[in-house]
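A short worksheet on the structure shown next.
The values are calculated or read from the model by the stated rules, or taken from the named source; none is laboratory data. Computed from a predicted model, the values in this text were never measured in an experiment. Glycine also receives a Cβ, built like all others from the backbone with ideal geometry; neighbour counts cover every protein chain displayed.
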Amino acid sequence: MSTAYRFDLTQKDIPTQWYNILPDFPKPMAPPLHPGTKEPITPDLMGAIFPMNLIMQEMSPLNRIDIPEEVRDIYTLWRPTPLLRAVRLEKALDTPAHIYYKYEGVSPGGSHKLNTAVPQAYFNKQAGTKHLVTETGAGQWGSSLALACKLFGLDCKVFMVRVSFHQKPYRKLMMQTWGATVYPSPSHETEFGRKKLHEDADCPGSLGIAISEAIETTVKTPNAKYALGSVLNHVCLHQTVIGLESLQQMEMAGEYPDVVIGCAGGGSNFSGIAFPFVEQNLKKGKKTRIVAVEPSSCPSLTKGEFRYDFGDTAGMTPLMKMFTLGNQFMPPSIHAGGLRYHGMAPTVSHLYDQKLIEAVAVPQDEVFEAALKFACIEGTIPAPESAHAIARAITEAETAKKEGKKKVILFNLSGHGMLDLTAYDEYMNG
């Protein structure tokens, strides 16, 4: 076993294909339904908000989908991302566990979200789109799409959940630096936003509301399409570069994970680290436990119902079968804004329903305690979302200590917390 603690690939090792989990499900996933007819939705009906090339990825029967060279070329700005072994944390915990983390915070946007923002902007450009409209929770997705749009010469509008708009002003400034127009959601820019503000002038907003505003704007704007930062299959697909690189890097480390951990809100960063390891379990007979970690205040997997629901609050999206708290659920104003979503990606939900992955919910205080411990020992200040995965990794390491067994733990540190310091300030001051 190597004693090195950092495992780096070269640019030639960036994956040339994304992994599509759909054809590997032992039981097929339930299809999305038209909100009016309740019949399975067809590609042409999704064309009002997405370009056809992304719709084809969303429904593709292919196990692997080629990454365009222009996308791979932009990926080289930050990919491959490092895999690190948290040896200092292991020593502090006095655990026999080996703890590894894949660090996505090195991207220009500071998180994993650029992995899908770039291909979404690329494929929209190819399809003739002029404007992209989206929502964002904590701002990682909005800032990533703003940069991707700038790189491909597209106009970008972002509806940012109102509580995060005020909690995280520097993420808003990042989007504006890269040319995006940013609105606090609910906003006065849309009929649905005005309706929500009329009902509650102090509405903190939610991802569901912001999605509704973004879709309303999309359908009313010529040459505009909607871009989604999580939930749908093509988004999760693009994120699998994380896990595909991790497989190579764990081989460099001479180990294989007993448990793989990712935080879960809509499901994009979890699927990115997890899906390639699910494939190994399904096809190669591996026995890795795969754990999704969500906030206890927004526990869609652990407390939600597995049923058809809308992805947004206004009921404008197709109906998707997923674990959901209900599309009218208003999550508390926690600092992990990227995890404040009422539902879960249908692909992740299907895996959980089939008992192919596990899920746990963690309270915010425990999350920040773990984040501070990691920052003080390993040096990196994690995003509040990523800190959910850290909290679970520490729990797994402490369990290994109690059992006196070595355990190899891998988690996704999906973003840095340099623009989340207000959250740390509030936690440290009670």
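Annotations for the structure displayed:
- Some residue of the stretch 133-148 being touching a Gly at 6+ places or on another chain (Cβ under 7 Å), without any contact (Cβ under 8 Å) to a residue 40 or more places away in the chain and closer than 27 Å to V260 by Cβ: yes
- I261 over 14 Å from A345 (Cα atoms), assigned by TED's automatic domain parsing to the domain that holds C149 and crowded, with 24+ Cβ neighbours inside 10 Å: no
- Cβ-Cβ under 7 Å pairs, at least 6 apart or on other chains, the stretch 182-198 side of a type in the set (D, E, K, R), far side part of a loop (DSSP other than H, G, I, E, B): R194/H188; K196/P186; K196/C203
- Test: residue in the stretch 347-357 that is basic (K, R), surrounded by fewer than 24 Cβ atoms within 10 Å (Cβ to Cβ) and more than 22 Å from the chain's Cα centre (by Cα): no
- Against the list (1) in the same structural domain as G47 (by TED's automatic domain parsing); (2) in contact with a Lys or Arg (Cβ under 8 Å, 6 or more places away or on another chain); (3) modelled with pLDDT of 95 or more, the condition G229 fails is (3).
- Of all residues in the stretch 119-129, those satisfying the criterion of being over 22 Å from S271 (Cα atoms), part of a helix (DSSP H, G or I) and in contact (Cβ under 8 Å) with a residue 40 or more places away in the chain are N124, Q126.
- Conditions (1) modelled with pLDDT of 95 or more; (2) farther than 19 Å from Y341 by Cβ; (3) not basic (K, R): number failed by V158: (2)
- The stretch 269-300, residues that are surrounded by fewer than 23 Cβ atoms within 10 Å (Cβ to Cβ) and polar (S, T, N, Q): Q280, N281, T288, S296, S297
- So F192, is it in a helix (DSSP H, G or I), farther than 19 Å from N269 by Cβ, in contact with a Ser or Thr (Cβ under 6 Å, 6 or more places away or on another chain) and not assigned by TED's automatic domain parsing to the domain that holds S107: yes
- Residue count for the stretch 38-90 under the criterion of being of a type in the set (G, A, S) and buried (at least 21 other Cβ atoms within 10 Å of the Cβ): the result is 1.
- Residue check, I273 within 24 Å of S349 (Cβ to Cβ), outside the structural domain of H131 (by TED's automatic domain parsing) and within 12 Å of the chain's Cα centre (by Cα): yes
- Residues satisfying the stated conditions in the stretch 136-145, i.e. assigned to a helix (DSSP H, G or I) and farther than 17 Å from I215 by Cα: Q140, S143, S144
- The stretch 213-237, residues that are over 16 Å from A264 (Cα atoms) and within 19 Å of the chain's Cα centre (by Cα): A214, Y226, A227, H234
- In the stretch 392-430, the residues that are touching an Asp or Glu at 6+ places or on another chain (Cβ under 6 Å), of a type outside the set (V, I, T) and either surrounded by fewer than 24 Cβ atoms within 10 Å (Cβ to Cβ) or free of Cβ contacts under 8 Å to residues at least 24 places away in the same chain (or both): K407
- Output for the stretch 169-199, where each listed residue is in contact with a Leu (Cβ under 6 Å, 6 or more places away or on another chain) and crowded, with 24+ Cβ neighbours inside 10 Å: R171, P186
- Residues of the stretch 382-391 satisfying the condition of being in contact with a Gly (Cβ under 8 Å, 6 or more places away or on another chain) and either in a helix (DSSP H, G or I) or surrounded by fewer than 20 Cβ atoms within 10 Å (Cβ to Cβ) (or both): P384, E385, S386, A387, A389
- Members of the stretch 149-174 that are in a helix (DSSP H, G or I), within 20 Å of T190 (Cα to Cα) and touching a Gly at 6+ places or on another chain (Cβ under 9 Å): R162, V163, S164, F165, K172
- Against the numbered list (1) in contact (Cβ under 8 Å) with a residue 40 or more places away in the chain; (2) assigned by TED's automatic domain parsing to the domain that holds G272; (3) among the aliphatic types (A, V, I, L, M), A30 comes up short only at (2).
- Residues (surrounded by 24 or more Cβ atoms within 10 Å (Cβ to Cβ), assigned to a helix (DSSP H, G or I), touching a helix residue (DSSP H, G or I) at 6+ places or on another chain (Cβ under 8 Å) and not hydrophobic (A, V, I, L, M, F, W, C)) located in the stretch 200-225: S212, E213
- The one condition in (1) touching a Phe, Trp or Tyr at 6+ places or on another chain (Cβ under 7 Å); (2) at pLDDT below 95 that P204 fails to fulfil: (1)
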